[in-house]
1. Rg to Rh for the range 199-252: what is it, with Cα atoms only and Rh by Kirkwood?
2. Starting from the amide H of V6, placed 1.01 Å from N in the peptide plane, find each other amide H under 5 Å away whose residue is 5 or more places distant or on another chain.
3. Rounding to the nearest 10 and keeping the result within 0 to 90°, find how far the Cα-based axis of helix 264-297 lies from the longest principal axis of the chain.
4. Just to confirm the filter: which chymotrypsin sites (Phe, Trp or Tyr not before Pro) across the range 145-236 are DSSP coil and have at most 13 other Cβ within 10 angstrom of their Cβ?
5. Using only the alpha-carbon atoms, what does the range 15-112 span along each of its principal axes? Please give whole angstrom values in decreasing order.
6. Just want the answer: with Cβ charges of +1 for Lys and Arg and -1 for Asp and Glu, which residue in N15, L51, L30 is farthest toward the dipole's positive end in the range 1-56?
7. With each pseudo-label sitting 7 Å past Cα toward Cβ, what's the V132-I238 distance in nm, one decimal?
8. Can you tell me the dipole magnitude for the chain around its Cα centre, using point charges on the Cβ only (Lys, Arg +1; Asp, Glu -1), in Debye to the nearest 20?
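The values are calculated or read from the model by the stated rules, or taken from the named source; none is laboratory data. What you see is a predicted model; the values in this text were computed from it and never measured. Every residue, glycine as well, gets a Cβ built from its backbone with ideal geometry; the counts of neighbours run over all protein chains shown. The protein model used for the area step is the full one, side chains on, heavy atoms only, and it has no ligands, DNA or RNA in it. Shrake-Rupley method; radii C 1.70, N 1.55, O 1.52, S 1.80 Å.
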Amino acid sequence: MVLSIVVPCYNEESNIDVFYEEICRISPELPDDTSVELIFVNDGSKDNTLLKIRELTNKDESVRYVSFTRNFGKESAMLAGFEAASGDYICVMDADLQDPPSMIPEMYALICTGEYDRIATRRVNRKGEPPVRSFFAHMFYRMINKLSDVRIVDGARDFSIMSRRMIDSIIDLKEKTRFTKGLLEWPGYRTKWLEFKNRERNKGRSKWSFFKLFSYSIEGIVSFSNKPLIISALLGVILCIISLVMVFVVALRRIIFGDPVEGWASLVCIILFVSGLQHLSIGIIGSYLARLFIEIKGRPLYIIDEEKTERK
Ligand code: UDP
Ligand code: MG
């Protein structure tokens with residue numbers, strides 16, 4: 001059996017060696033008939049990440065890598081890793097040791113039972129994270145679970161071990177805007193969730209700014225739900241009904257009370273409110289249109305600069 005461990009890396013030069021040592025430490029705990037294949041995906045790092053990875057490749061036969069021409073994002077890096085992986089089981093984890101490698105033997109034993117196609121993990125707390133980020137993260141999970149058909153677990157990490165057939169299904173999903181947390185839920189294979197306490201990253205900084213996370217969450221909602229479109233259409237219907245009633249009321253008032261020139265304030269409020277709603281709806285439609293545009297262009301999700309893999 002081969003276990004492929006896919007590691008997306010963007011500016012992780014200070015973590016690669018420590019990460020590798022951690023993996024070496026846990027691999028004796030895996031069954032004797034299992035070998036590990038480490039696949040680093042260098043996502044256009046601007047530091048010496050690629051150099052560090054190459055050094056490991058020279059030292060250790062089982063280390064492989066794919067290197068992009070520029071930064072394409074973690075989603076693309078994970079896909080490239082999945083496509084390059086030759087293992088019977090595929091694990092994906094971050095390079096910064098926020099995903100504890102010590103859990104791998106337990107996860108591997110579970111997936112080898114054949115009862116599950118995915119052993120996934122979630123953080124039970126968000127210690128060490130800015131409270132504002134945690135707050136918005138919780139809001140996001142509540143919203144996306146209300147809006148979409150796939151259920152996305154709060155605190156779910158990408159860190160998981162998956163079976164070959166599950167990875168093949170994920171690779172088959174050809175969409176260009178990849179919200180992996182949702183994509184992994186979509187095929188519906190049996191999943192076992194394990195929990196762990198949050199850890200702070202080993203070295204370096206998180207690459208996720210607030211704005212990046214915000215647009216990522218919009219991507220998640222747009223990729224997995226049409227409900228915002230339905231909601232905006234519903235708002236339109238409600239406004240139409242209100243306006244019909246108002247036409248009637250205003251006409252009656254005109255007939256009964258004559259035409260005193262009044263109501264400037266209410267008029268302004270109505271104009272502002274309705275034009276706000278219109279812009280919101282246009283924005284919602286625009287988000288879907290933008291995704292459509294990206295899909296239609298059909299650009300590749302990444303371009304490989306160099307690689308050392310088992311790919312035939
Ligand atoms: N990452 C990547 N490309 C990017 C951003 C991040 O490959 O454009 C990798 C990064 O090197 C790390 C993982 O994705 O291994 C998670 O990133 P990070 O630790 O910044 O995210 P956080 O843990 O803060 O959510
Ligand atoms: Mg991290």
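1. Here the Rg-to-Rh quotient is 1.42.
2. Amide H neighbours of V6: I39, C91, V92, M93.
3. Taking Cα atoms only, the helix is inclined about 30 degrees.
4. W208
5. If we take the Cα atoms of the range 15-112, the spans are 37, 25, 24 Å.
6. L51
7. 3.0
8. Rounded to the nearest 20 debye, it is 1220 debye.
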